[in-house]
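Visitor: I'd like to ask you about the structure that follows.
The values are calculated or read from the model by the stated rules, or taken from the named source; none is laboratory data. These numbers were taken from a predicted model, which means no experiment stands behind them. Neighbour counts are summed over all protein chains in view; Cβ atoms, including those assigned to glycine, are modelled from backbone coordinates with ideal geometry. Remember, those area values only see protein heavy atoms, side chains included, never the ligands or the DNA or RNA. Shrake-Rupley method; radii C 1.70, N 1.55, O 1.52, S 1.80 Å.
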Amino acid sequence: MRERTVLRDIVQRARHAASEDLPALADEAARGLGATGMQLYLVDHEQRELLPLRTSAVGAGGALGIDGTLAGRAYCTMSACPADGRDSDVRLWVPLLNGMERLGVVGVTSPTPIAPARVPDFVAACALLADVVVTCSHYSDTIEQVRRRAPMRMAAEVLRAQLPPLTFSTGTTIISGILEPSYDVGGDAFDYAINGDTAHLALFDAVGHGSSGGMRAVMLAGLALGAYRNARRAGQDLVGIYHHIDQTVRAHDRQGLITGILAELHQPTGRLRVISAGHPNGLIIRGGRVATVLPTPTALPVTMGDFRPPVVVEEALEPGDHVLLYTDGITDARSSRGEPFGADRLTDFTLRALADELPLPETARRLVHAILAWQDDTLTDDATLLMLRWNGPGH
């Protein structure tokens, strides 16, 4: 009964909670569950650190690295991790999850160890707190300010506001995207939606990069996103969506150019349908190897769609298959010696990341960080990944 009361109180308090109320709300929930407190840590946009959500009334420690810490392990594995309390009074690290979207972690403090049987109670409380974090982020800048470790350039500010959450899951299908650099993006964008049996995915790369010369690219990418959603919500098929995006962008900027991939997955059967509009090859990975390299191009880039009709490619996925879509900023990334990252290295890194059998968003995070490390964390173009895992019907 005590656990139900705590969860009910979180729900009731959440109706009027501001971002600044979250630390106190978390502590009250912890005390109701028999602990001392719960400290919220939010992940930064680059997914390298966990940053404490502070208020003037509630103290907090400093930032925690994701790699090499128990807090980071909870974040990476998306599961609660006990702590021995020797270095602090934290006894349990719980991931802060909104569905499959990773918002950060929660450190549960207690003078004594937390019994394993009680861990699910804290996991449930943190799930409700994650919902409050998401709600507050819509009406306040506090959450966003905590997550920033550097100034956000204008191009990134405009584009990131239009992107969906990085990860979503239906159980049958998991989708995870990631976009770098975090604070000065150009014309890369992605979108997805789940409508009934169909999972929709799109990845766009508008010509241009960065705030200095890429605002036009950002506006083109935003227009492509809007046209994609408009056509999708009108019930158009994949070919109709392609033409709608092409016509919409061309009417606004005839000289603009956007490559992209449009895909639809029929979740009950695993049938994948793809249009590649001048974009790099996508990959289907099965059983630790590349099963299919998706053909490209099967359509001309956006604004050139009136010159040639698009061709839809169909593939049959098997349970456990992964689909990897990416922009050329990934393969064109160069090391300090000028050596390109390349498609072969991308394939090798992806297979190694998947071999660790981590949650899909963690696989995407590690893969992008490996690409960033290849060129000393200095991207000359956007690097964007969109990954999908199909678990098969009935999941």
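Visitor: Pairs only if they're at least six apart or on different chains, beta carbon under 8 angstrom, first in region 157-179 and farther than 18 Å from A383 by Cα and in contact (Cβ under 8 Å) with a residue 12 or more places away in the chain, second surrounded by fewer than 21 Cβ atoms within 10 Å (Cβ to Cβ) and acidic (D, E); list them, first residue then second.
Guide: As it stands, the answer is F168/E101, since those pairs meet every condition given.
Visitor: Could you count how many residues in region 230-257 are more than 22 Å from the chain's Cα centre (by Cα), closer than 21 Å to I175 by Cβ and open to solvent by less than 50 Å² (accessible area, probe 1.4 Å)?
Guide: Residues that pass the stated criteria total 5.
Visitor: Does D306 fit the bill of being open to solvent by 60 Å² or more (accessible area, probe 1.4 Å), on the phi < 0 side of the Ramachandran plot and touching a Lys or Arg at 6+ places or on another chain (Cβ under 8 Å)? Break it down stepwise before answering.
Guide: Numbers: open to solvent by 60 Å² or more (accessible area, probe 1.4 Å): yes; on the phi < 0 side of the Ramachandran plot: yes; touching a Lys or Arg at 6+ places or on another chain (Cβ under 8 Å): yes.
Here the answer is yes, as D306 does meet what is asked.
Visitor: Considering only region 370-395, how many residues are closer than 24 Å to L97 by Cα and surrounded by fewer than 19 Cβ atoms within 10 Å (Cβ to Cβ)? Outline the logic, then answer.
Guide: Of the residues in region 370-395, the ones closer than 24 Å to L97 by Cα are 384-392, 394-395.
Filter again for surrounded by fewer than 19 Cβ atoms within 10 Å (Cβ to Cβ), leaving 391-392, 394-395.
Of the residues in that region, 4 qualify.
Visitor: Hey, any hits in region 208-216 for a residue that's in contact with a helix residue (DSSP H, G or I) (Cβ under 8 Å, 6 or more places away or on another chain), hydrophobic (A, V, I, L, M, F, W, C) and either open to solvent by 10 Å² or more (accessible area, probe 1.4 Å) or within 24 Å of E46 (Cβ to Cβ) (or both)? Spell out the reasoning first.
Guide: Initial filter on region 208-216 (in contact with a helix residue (DSSP H, G or I) (Cβ under 8 Å, 6 or more places away or on another chain)): 208-211, 214-215.
Going one step further and asking which of them are hydrophobic (A, V, I, L, M, F, W, C), we end up with 215.
Still in the list and also either open to solvent by 10 Å² or more (accessible area, probe 1.4 Å) or within 24 Å of E46 (Cβ to Cβ) (or both): 215.
Within region 208-216, one or more residues are in contact with a helix residue (DSSP H, G or I) (Cβ under 8 Å, 6 or more places away or on another chain), hydrophobic (A, V, I, L, M, F, W, C) and either open to solvent by 10 Å² or more (accessible area, probe 1.4 Å) or within 24 Å of E46 (Cβ to Cβ) (or both).
Visitor: Considering only region 151-207, state which residues are assigned to a strand (DSSP E or B), out of contact with any helix residue (DSSP H, G or I) (no Cβ under 9 Å at 6 or more places or on another chain) and closer than 27 Å to L300 by Cβ. Spell out how you get there, then give the answer.
Guide: Of the residues in region 151-207, the ones assigned to a strand (DSSP E or B) are 167-169, 173-180, 188-195, 198-206.
Add one more test, that the residue is out of contact with any helix residue (DSSP H, G or I) (no Cβ under 9 Å at 6 or more places or on another chain), and what stays is 168, 173, 192, 194, 198-199, 201, 203.
Correct list: Y192, T198, A199, L201, L203.
Visitor: Tell me which residues, restricted to region 157-189, are open to solvent by less than 40 Å² (accessible area, probe 1.4 Å) and aromatic (F, W, Y).
Guide: Across region 157-189, the qualifying residue is only Y183.
Visitor: Can you tell which of L40, L70, L64, L103 is open to solvent by 20 Å² or more (accessible area, probe 1.4 Å), within 21 Å of the chain's Cα centre (by Cα) and within 21 Å of D121 (Cβ to Cβ)? Break it down into steps so the answer makes sense when it comes.
Guide: Values: L40 fails: open to solvent by 20 Å² or more (accessible area, probe 1.4 Å); L70 fails: within 21 Å of the chain's Cα centre (by Cα); L64 fails: within 21 Å of D121 (Cβ to Cβ).
That would be L103, the only listed residue that is open to solvent by 20 Å² or more (accessible area, probe 1.4 Å), within 21 Å of the chain's Cα centre (by Cα) and within 21 Å of D121 (Cβ to Cβ).
Visitor: Quickly run through region 273-300 and pick out the residues that are more than 18 Å from L354 (Cβ to Cβ), in contact with a Leu (Cβ under 9 Å, 6 or more places away or on another chain) and either touching a residue at least 60 places away in the same chain (Cβ under 8 Å) or surrounded by fewer than 20 Cβ atoms within 10 Å (Cβ to Cβ) (or both).
Guide: From region 273-300, those more than 18 Å from L354 (Cβ to Cβ) are 273-280, 295-300; that's our starting set.
Applying the additional criterion that residues be in contact with a Leu (Cβ under 9 Å, 6 or more places away or on another chain) yields 273-280, 299.
Within region 273-300, R273, G278, H279, P280 meet the criteria.
Visitor: Within region 267-379, which strands (runs of 3 or more DSSP E) (wholly inside it) include 3 or more residues that are β-branched (V, I, T)?
Guide: Because the criterion is at least 3 residues that are β-branched (V, I, T), the strands (runs of 3 or more DSSP E) in region 267-379 that meet it are 289-293.
Visitor: From the residues in region 322-360 that are within 23 Å of R102 (Cβ to Cβ) and acidic (D, E), which one is least open to solvent (accessible area, probe 1.4 Å)?
Guide: That would be D356.
Visitor: Kindly provide the set of residues from region 336-361 that are modelled with pLDDT of 90 or more and more than 19 Å from R289 (Cα to Cα), ordered by number.
Guide: P361
Visitor: Please give the number of the condition P111 fails out of (1) crowded, with 19+ Cβ neighbours inside 10 Å; (2) touching a Gly at 6+ places or on another chain (Cβ under 9 Å).
Guide: Here P111 meets the rest and fails (1).
Visitor: When region 145-155 is examined, which residues are found to be at pLDDT below 95, under 24 Å from G65 (Cα atoms) and open to solvent by less than 60 Å² (accessible area, probe 1.4 Å)?
Guide: A150, M152
Visitor: Show the residue pairs that are 6+ apart or on different chains and have beta-carbon atoms under 7 Å apart, the first residue being within region 331-360 and acidic (D, E), the second being surrounded by 17 or more Cβ atoms within 10 Å (Cβ to Cβ) and part of a loop (DSSP other than H, G, I, E, B).
Guide: Between residues of region 331-360 that are acidic (D, E) and residues that are surrounded by 17 or more Cβ atoms within 10 Å (Cβ to Cβ) and part of a loop (DSSP other than H, G, I, E, B), the close pairs are D332/D381.
Visitor: Tally the residues that are open to solvent by 90 Å² or more (accessible area, probe 1.4 Å) and in contact (Cβ under 8 Å) with a residue 60 or more places away in the chain, restricting the search to region 1-12.
Guide: 0
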